[in-house]
Amino acid sequence: MYFKSELNTDPAVSGPTYPQAECLTLGDAHSIKFDEFANPDTIELEYKLASKAKLTDILSQAAISANGLLVNQKVKDILEGFNLMQHRYYPVTVHIKKPTAQYYWLHLVDNSLITFVDFPNSQFYRTKFSYKEDDITLETYQDYLKKLDEFGFMCSIESDSIKLNNNFDRSLDLYMIAPFDSRPYFSEKLWNAFESEGITGIRLAKSIS
């Protein structure tokens with residue numbers, strides 16, 4: 001059993017401001033790519049907690065477009081006991097008025113995961129300017145590339161439901177399937193650990209088999 005997650009934007013949890021963290025080093029944040037890891041020695045990431053935002057274990061941010069999560073040391077310590085997809089941690093300083101807090105950008109990249117998508121049994125839709133337009137059918141990854149080229153500028157293809165084939169490594173406790181879904185999927189074991197430790201800033205979107 002896996003659980004699809006999403007950032008918890010409930011004002012009672014994260015405050016009335018989105019995103020919670022405002023980037024102070026935009027150049028470095030924008031240099032992080034979705035399909036390859038960066039050299040951590042060349043990346044310097046600093047954020048400040050937005051006015052009226054609440055500090056949670058996982059923070060929302062909008063400067064890094066690559067797949068991942070902005071997590072604190074508590075979350076990092078939990079994750080180190082589990083089997084994650086290919087990943088890297090980049091240190092992040094979060095300014096909270098005068099003190100600072102140590103966070104990390106958990107960068108998730110594994111281009112091979114796309115080969116485990118069961119395209120005929122998954123659900124896809126076309127977006128334009130980030131708005132959902134219509135449902136589409138894909139049979140293969142090559143079909144995805146062809147349709148993406150046909151749709152043209154400012155269009156993308158996303159998914160409501162990704163099905164994975166029998167070759168997928170189900171020992172993974174955390175994964176994302178780019179480019180179709182940027183939300184992390186948690187194993188039941190990892191999600192239970194998050195709940196046990198009271199991790200804030202993330203919530204369940206739905207469960208999948």
- prompt: How much mean residue ellipticity at 222 nm does the chain get from its helices, if each DSSP H run of length 4 or more adds -39500 (n - 2.57) and you divide by all residues, to the nearest 500 deg cm²/dmol?
  reply: -4500 deg cm²/dmol
message: I'd like to compare 163-170, 120-127: which one has the highest average count of other Cβ atoms within 10 Å, and what's the full order after that?
response: 120-127, 163-170
query: Under unit Cβ charges (Lys, Arg +1; Asp, Glu -1), what dipole magnitude, rounded to 20 debye, does the range 118-161 have relative to its Cα centre?
result: 180
query: Amide H neighbours of Leu84 under 5 Å, counting only residues 5+ apart in sequence or on other chains, H built in-plane at 1.01 Å?
result: Asp173
message: Give me the dipole magnitude in Debye, nearest 20, for the chain about the Cα centre, with unit charges on the beta carbon: positive for Lys and Arg, negative for Asp and Glu.
response: 660
task: Rank Thr140, Asn72, Phe116 by how far each Cα sits towards the positive end of the charge dipole of the chain (+1 on Lys, Arg Cβ; -1 on Asp, Glu Cβ) and give me just the farthest.
output: Asn72
Amide H contacts of Asn67 (H built 1.01 Å from N, under 5 Å, at least 5 apart or other chain): Leu108
task: Please work out the Cα center distance from the range 7-23 to the range 122-147, rounded to the nearest Å.
output: 30
- request: Give a residue-ordered list of calculated ³J(HN,Hα) values for the range 169-177 (Karplus: 6.51 cos²θ - 1.76 cosθ + 1.60, θ = phi - 60°; whole Hz; x for Gly, Pro).
  value: 7, 7, 7, 5, 9, 8, 8, 10, 10
- prompt: What ranking do Trp191, Trp105 get, fewest neighbouring Cβ atoms within 10 angstrom at the top?
  reply: Trp191, Trp105
query: Ranked highest first by average number of other Cβ atoms within 10 Å, how do 93-101, 8-16, 129-137, 69-77 line up?
result: 69-77, 8-16, 93-101, 129-137
field: Per-residue ³J(HN,Hα) for the range 51-63, Karplus 6.51 cos²θ - 1.76 cosθ + 1.60, θ = phi - 60°, Hz, x for Gly and Pro
entry: 4, 6, 6, 9, 7, 10, 5, 10, 9, 7, 8, 10, 7
- request: Determine the dipole magnitude for the range 1-51: charges of +1 sit on the beta-carbon of Lys and Arg, -1 on that of Asp and Glu, nothing else is charged, the reference point is the Cα centre, and the result goes in debye to the nearest 20.
  value: 200
- prompt: Within the P(r) computed for the chain, what percentage of the Cα pairs occupies the region above 21 Å?
  reply: 56
- prompt: Once phi is turned into θ = phi - 60°, what whole-Hz ³J(HN,Hα) does the Karplus curve with 6.51, -1.76 and 1.60 give for every residue of the range 112-127, x standing for Gly and Pro?
  reply: 6, 4, 4, 6, 9, 6, 8, 4, x, 9, 9, 10, 10, 8, 8, 10
task: Just check the range 118-161 against the gyration tensor rule for me: Cα atoms, a ≥ b ≥ c as the square roots of the eigenvalues, rounded for a/c under 1.5, and otherwise prolate or oblate depending on whether a/b exceeds b/c.
output: oblate
statement: So, relative contact order of the chain in percent, Cα under 8 Å, 6 or more apart, is 28
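Taken together, the values in this text are just the output of simple stated rules run on the coordinates, not laboratory data. Remember, predicted model here, so these are calculated numbers, not experimental data. Positions of Cβ are generated from backbone atoms using ideal geometry, with glycine treated the same way; all protein chains shown enter the neighbour counts.
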